[in-house]
Amino acid sequence: MTPPHCGPGAGACRGRAARALRLAAPAALAALLLVLAAAGGASAARCYASLSAADFPHCSLLSPSFALHWAVRGGNVTLGMDADTGGGPDAWLAVSLSEGGGMHGADMIIVAGGGAEGGWRVIDAHSLEFAVPLKDTQQDVSLVGQPLSGPNNTVAVVTRRLRTCDPWDKEVLVGVPQAVSWAYGRGYPRKHIARGDSAVRFVPEAGGLLWGTNSNASTSKAPTPAPAKATAGGAAAGANATVPTVAARLFAAADGAQPAIAGGRKAGPAGGSAAVEPLVVRASRDADDGGGGGTGAEGSGSLEPILAVDVRMPNITVPSNATTNYLCTHVTLPHDRKYHIVGMRSVVQSPLIHHMILFACETKPPPGSGIYSCLGIGGGPGCNVYYLGWAPGQMQALLPPTVGLPLGEADSTYFSLQVHYNNPDAEEGMVDASGFQVLYTPQLRQYDAGVLTLGQNAIVIPPGQPIVTMPPSVRGARRAGPVCEVLRVCPSTCTSQLRAPLRLLSSGLHMHTLGRAISTQHIRNGTELPPVGSRRFYDFNFQSADAVPLASSLLLPGDSLITTCSYDSTSRTNVTKYGESTQDEMCFNFLFYYPRDRNFAFCSSMDSAGDPGVALCGGPAQVDAVSNALQQIQEQQKQQQQKGSKAGAAAAPPSGPGDLAAVPALAPLFQAGALVRVPPNDTVYAKPYGRQCPDLSYGLPLQKHRELALRALSDNSP
C-alpha cells in the first residue's frame with residue numbers, strides 16, 4: 001500500500017497517515033506504522049506522533065522517551081506504546097501495573113522482537129522481585145498488527161480485558177489513577193536501557209459507571225438519625241437524603257482532577273515574614289495534551305491563587321549516638337484568616353530519613369521548645385492529628401479542586417514536624433533541613449478534608465515465621481499456630497455515628513520492613529466491597545497514597561472497615577513488637593476523606609487495652625479522654641498491687657482479653673460514643689468480594705497468594 005501523499009514536513013505526513021490507519025487492513029498496518037516511525041525524527045516519543053487521537057482518545061508522555069496511548073471500549077483496553085528504543089528488530093518495550101512503582105508484584109505487558117522463533121511477540125508476565133519477569137500461565141494480551149521499529153523508535157499496539165480473572169493480572173480501574181511503570185531495551189530479556197514510574201487514569205469517564213459498579217450504594221439509604229448539619233466546609237447534608245443524592249453532590253466536582261501549578265514564588269520558612277507572591281492554578285479541560293495522562297483538572301477554567309510556605313527542620317545535626325531518632329519542631333502557619341491546604345511537595349535532603357509527618361496541635365505549644373525528642377509521643381503533647389506525611393516512594397500530593405485541608409483555625413494553626421532519622425551506621429556530622437513545602441490558598445474550596453487513622457499498637461510478632469493467615473481477632477475467637485497477621489476493626493457501631501456519607505479519597509498504608517501485605521476491607525450489610533486500600537506486595541521502599549476505588553469510595557453510616565497487616569519474621573530471632581524504631585513494626589492506614597468530621601479522626605479495636613471486642617471511635621478530644629481514663633485505671637491497679645491488695649483487680653482491664661465495658665470508670669466514655677462494642681458480625685460477611693474472579697488488585701487470599709508466589713519462583717522460564 002502506498003502511503004498518502006504528504007506535503008513538506010513530517011507532521012503533515014503523520015497526521016494524514018494516522019487518519020488512514022483507521023481504514024487500513026491489517027496487512028497495511030505495518031507499512032503505515034513504519035512510515036510514521038520514520039517520520040518521527042530524533043524524538044518519536046511524543047503523544048500522537050505515530051498514532052491517531054481518533055483511535056486513542058487518551059495519551060500520557062510517561063517520560064521524554066516513552067508515550068503511552070490508550071482507548072477503553074466496552075470491557076477492553078487498547079494500549080499504543082511509542083518509545084525511543086533506538087529502533088531495530090531486537091528492540092523490546094514494556095508497561096506494567098504495580099502497587100507503588102517498580103517490579104515488586106508488577107503485572108507486565110512486554111512486546112519484544114528478535115525471539116527464538118523470529119518476529120515480534122507479546123508476553124503477559126509478572127514479577128515478584130527485581131529479576132527477569134515470569135510468564136503468566138494464562139496469556140491475556142494480544143498484539144494488534146505487527147510492531148514496527150524505525151530509525152529511532154518502536155511503536156506497538158496491544159489489547160486486553162480490563163479484568164481478566166488471572167490471579168497474576170491487575171484490574172484496570174475506573175476513575176482513579178494507577179501506578180504505571182515503563183521500560184525498554186534491546187535483546188529481551190536483557191536488562192532495560194531506560195525505565196521509570198508514572199501514574200495514569202485509564203478510565204476517566206466515571207460518571208455513568210459509578211452506580212453500576214456498586215449496586216448497594218445505588219439503593220441504600222444512609223441511616224442518619226440525627227438532623228441535618230453543616231459540614232466542615234460549609235455544605236449542608238440532609239440527614240435523610242438517599243445515598244445517590246448525597247453521592248451525586250460529593251462526586252459532582254470531578255474531584256479526581258489534579259491541577260498543575262504554574263510558576264510563582266514561595267513564602268519562605270514557616271512563621272517567617274517574607275512577602276508572598278501567589279502562584280496560579282489554572283483549571284483546564286485539556287487533560288490529554290501529552291503530559292496529563294488523563295489526570296488534568298476538569299474544572300471551569302477559573303484561576304486560583306496558590307501560596308507556598310516551607311515547613312522544614314532548621315539545619316539540625318542528626319544524632320550519631322543512636323540508630324533511631326525521632327526529632328520534632330513546632331511551627332506556626334498562617335492564621336490571619338482561614339485557608340485551605342491544597343497540596344504539598346516533600347523536601348528530602350538526607351538519606352537517613354525514614355519518614356516525616358506534620359501533626360496538627362489542638363493547643364498552642366509552649367514557647368521556646370526548639371528541637372525536641374518525640375519518640376513514642378506523636379508530635380508531642382497536644383499534637384496528635386495526622387495532617388501530611390512522607391515515606392519512601394512519595395514525592396508530592398495535590399488534593400482535588402473542590403477539597404482542602406483547613407488551615408488557620410484554632411486546631412490548624414500550630415503544627416509539629418516530626419522526622420524519623422534512621423542512622424544504623426552512626427554517621428556523624430549529617431546536617432538536615434528536610435520537610436515539606438505546603439501549598440495553600442485563600443480561596444476556600446467547597447469541602448474541608450479530614451484524615452481518618454485506622455490501626456493501632458497491639459503488635460507482637462513471633463520470630464522465624466512466614467506469612468500465616470489467621471481469623472479475625474474478636475473476643476472468643478480461637479487462635480492456634482504462629483501469628484504473623486494483625487487485624488484491626490473500625491466497627492459499624494462507630495460509623496453509625498456519622499450523620500452523612502463520607503467520600504474516601506486516598507489510602508496511605510504503612511508498615512515497616514517486616515511488612516509483606518496490608519489491606520483495608522470495606523463491609524456493608526454483610527457484603528464485601530472492593531478494598532479501600534490493598535498492597536499484596538508491600539514494599540517499604542515504594543510507599544505512596546493510593547486512590548480509593550470508586551466502588552468503595554463512599555463510607556456510609558453502618559459500614560465497617562477491617563485493616564489487616566501481614567508480616568514475615570523469618571529474618572528475626574527475637575519477638576518484634578509495635579514501636580517507632582525501624583526494627584519495630586506498625587500497622588496503619590491513613591485515609592483522606594471529605595467532608596471532614598471533627599469527631600471522626602481515629603477508629604480501631606482496642607486490642608492494646610486487652611479487649612478487641614471494643615473500639616475507640618472519635619476525634620482528638622475523645623482519644624485523649626480514653627487514654628487518660630485507661631492510664632488512671634492502670635495507675636490505680638499498680639498502686640493496689642503494690643499494697644498487696646486484690647481489690648483493684650476488678651477496676652482495671654486485664655493484660656489479656658477482657659471486657660472494658662464492665663469497667664465502671666469507662667461507662668461515661670461508652671455513653672458518649674468514644675468507646676463502642678464491636679459487633680461479631682462486622683468481621684463476618686456472606687458475600688466476599690472477588691473470590692470468583694481473583695486478581696492482584698483485590699482480596700486474593702494470602703495463603704493463595706503465597707502458594708502462587710512459591711510456584712512462580714520455582715519456574716525459571718521467562
* FRET efficiency for Ala661 and Gln139, Cβ-Cβ distance as r, R0 = 60 Å, nearest 0.05? -> 0.60
* Hey, can you grab everything whose amide H is under 5 Å from the amide H of Glu585? Only 5+ residues off in sequence or another chain; H modelled, so Pro and N-termini drop out. => Lys577, Tyr578, Gly579
* Convert each backbone phi in segment 505-520 into a coupling constant with the Karplus relation 6.51 cos²θ - 1.76 cosθ + 1.60 (shift: θ = phi - 60°), then list the ³J(HN,Hα) values in order as whole Hz, x for Gly and Pro. => 9, 9, 10, x, 7, 9, 9, 9, 6, 7, x, 10, 7, 8, 8, 10
* **Among 328-334, 426-432, 147-153, 614-620, the order from most to least packed when residues are scored by Cβ within 10 Å on average** => 614-620, 147-153, 328-334, 426-432
* **Using θ = phi - 60° and Karplus 6.51 cos²θ - 1.76 cosθ + 1.60, couplings along segment 58-73 (whole Hz; Gly, Pro as x)** => 10, 8, 9, 7, 5, 7, x, 10, 8, 10, 10, 9, 7, 9, 10, 9
* Asked: Each residue of segment 572-581 in order: what ³J(HN,Hα) in whole Hz does its phi give by Karplus 6.51 cos²θ - 1.76 cosθ + 1.60, θ = phi - 60°, with x for Gly and Pro?
  -> 10, 10, 10, 5, 10, 10, 4, x, 9, 6
* Where does segment 522-582 land on Rg(C-alpha)/(2.2 N^0.38 Å)? -> 1.47
* Based on the mean of other beta carbon atoms within 10 Å per residue, what is the order of 349-357, 628-636, most packed first? -> 349-357, 628-636
* Asked: What list do you get for Phe130, Phe590 if you sort them by fewest beta carbons within 10 Å?
  -> Phe130, Phe590
* Structure fact -> Listing Trp92, Trp182 by rising number of other beta-carbon atoms within 10 angstrom, fewest first, gives Trp182, Trp92
* Structure fact -> Between Leu505 and residues 5 or more places away or on another chain, the pairs with built amide H atoms under 5 Å apart involve Phe592, Tyr593, Tyr594
* Chain lengthening between Arg337 and Leu162 when straightened (0.36 nm per residue, less Cα-Cα) -> 58.3 nm
* Which entries in the list Lys577/Lys643; Lys135/Lys170; Lys170/Lys577 go over 24 Å, if you measure between the two C-alpha atoms of each? -> Lys577/Lys643; Lys170/Lys577
* Name the long-range amide H neighbours of Val203: under 5 Å, sequence gap of 5 or more, or other chain; modelled H, no Pro or chain starts. => Gly175, Val176
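Every number in this text was worked out from the coordinates using simple rules, so none of it is lab data. Remember, predicted model here, so these are calculated numbers, not experimental data. Every residue, glycine as well, gets a Cβ built from its backbone with ideal geometry; the counts of neighbours run over all protein chains shown.
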